[in-house]
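A.B. asks: If you scroll down you'll find the structure; I have some questions about it.
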Amino acid sequence: MAYLQYIFKRIGAMIPVIIGISFILFSILVLTPGDPARTILGEMAPEEDVIALREEMGFNDPLFIRYFRYVRDALHGDFGKSYTSGQPVVKEMADRMATTLLLATGSLVYVILLGVPIGILAAVKQYSLSDIATNIITFILTAMPSFWLGLLCMLLFGLKLRWLPATGSETILHFIMPCIVLSGPNMAAQLRMTRSSMLEVIRQDYMRTARSKGVSERRIIFQHGLRNAMIPILTMLGINLTSVIGTAFVVEQTFAMAGLGSLLITGVKAKDIPIVMAIVLFIACCICIINLIVDLLYAVVDPRIRAQIQKK
């Protein structure tokens, strides 16, 4: 019961955040230069038709009236129609969402499967050759922008070696290289956080006590060490997941993938308000949900946090 109350409380706290993001974004899109009516009808449309459409769709109404009308329709599941294609926004996003979600999920798998184990190994083998090599690689990945790393991978693995397709999103093979590129900087951050968190735990007295009792090294590292180092690791994992969602748009453009990123960029260029609003709100909701899940995982790995939630 306490967990349900905590979840509902956090969801209630998300609502003002979503409202604030939606209002600020809507205001920016409405107040910046550009005429949606002209976008819908085309540059060659007569001025009389543009004026009539502007009045029909309420583009001449005050900002607050337009915003409240948008919120009312959105709460009923109607996010409008794209100004450029004329298709419902929900349909436009549904056609491309699978690409973005698959790209983000694959990248997160790389981050978890490589960042956490290598970080643990680097902490256990501190100052060894593998630790030094790991630090050098993480510094390079952290400093290298995703689009530059993507271009290098396309030239090497796509064009020169021809191991993987360079662009597109038709098959699973098309996702291998973008997922690796997208996970690179995030994996480096996860690895460094795992290493530093494990180093803190390894130096604790209870770790030396466990060794003196004859407990196996594997059990000491994973049962005593990793469990007590999980809070910073989970925090960085949540940050990396939100970063993956945001950076996925850049990687989609680099590899010419038909995902939400290309749709958002096209919408921004055309000032397609329904498209931009829906995608940004989707991202904001995803980030809020990720933060909620990470907070709940804190309670799973740390009994002290679990006890605090149960008391509230």
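A.B. asks: Can you confirm whether the stretch 59-73 contains a residue that is surrounded by 15 or more Cβ atoms within 10 Å (Cβ to Cβ) and aliphatic (A, V, I, L, M)?
C.D. replies: For the stretch 59-73, residues surrounded by 15 or more Cβ atoms within 10 Å (Cβ to Cβ) and aliphatic (A, V, I, L, M): absent.
A.B. asks: Before we move on, is residue 84 touching a Ser or Thr at 6+ places or on another chain (Cβ under 7 Å) and either surrounded by fewer than 11 Cβ atoms within 10 Å (Cβ to Cβ) or part of a helix (DSSP H, G or I) (or both)?
C.D. replies: Criteria not met by residue 84.
A.B. asks: Every residue in the stretch 35-60 that is part of a helix (DSSP H, G or I), without any contact (Cβ under 8 Å) to a residue 24 or more places away in the chain and not hydrophobic (A, V, I, L, M, F, W, C), please.
C.D. replies: Correct list: 38, 47, 48, 49, 54, 55, 56.
A.B. asks: Something else about it: Among the residues of the stretch 219-229, is any assigned to a helix (DSSP H, G or I), of a type in the set (Lys, Arg) and touching a residue at least 24 places away in the same chain (Cβ under 8 Å)?
C.D. replies: yes
A.B. asks: Of all residues in the stretch 15-34 being assigned to a helix (DSSP H, G or I) and not aliphatic (A, V, I, L, M), which is surrounded by the most Cβ atoms within 10 Å (Cβ to Cβ)?
C.D. replies: Checking each candidate, the answer is 26.
A.B. asks: Any residue at all in the stretch 246-268 that's at pLDDT 80 or above, under 22 Å from residue 9 (Cβ atoms) and in a helix (DSSP H, G or I)?
C.D. replies: no
The values are calculated or read from the model by the stated rules, or taken from the named source; none is laboratory data. Computed from a predicted structure; not experimentally measured. For neighbour counting, all protein chains shown are included, and Cβ atoms are generated from backbone atoms with ideal geometry for every residue, glycine included.
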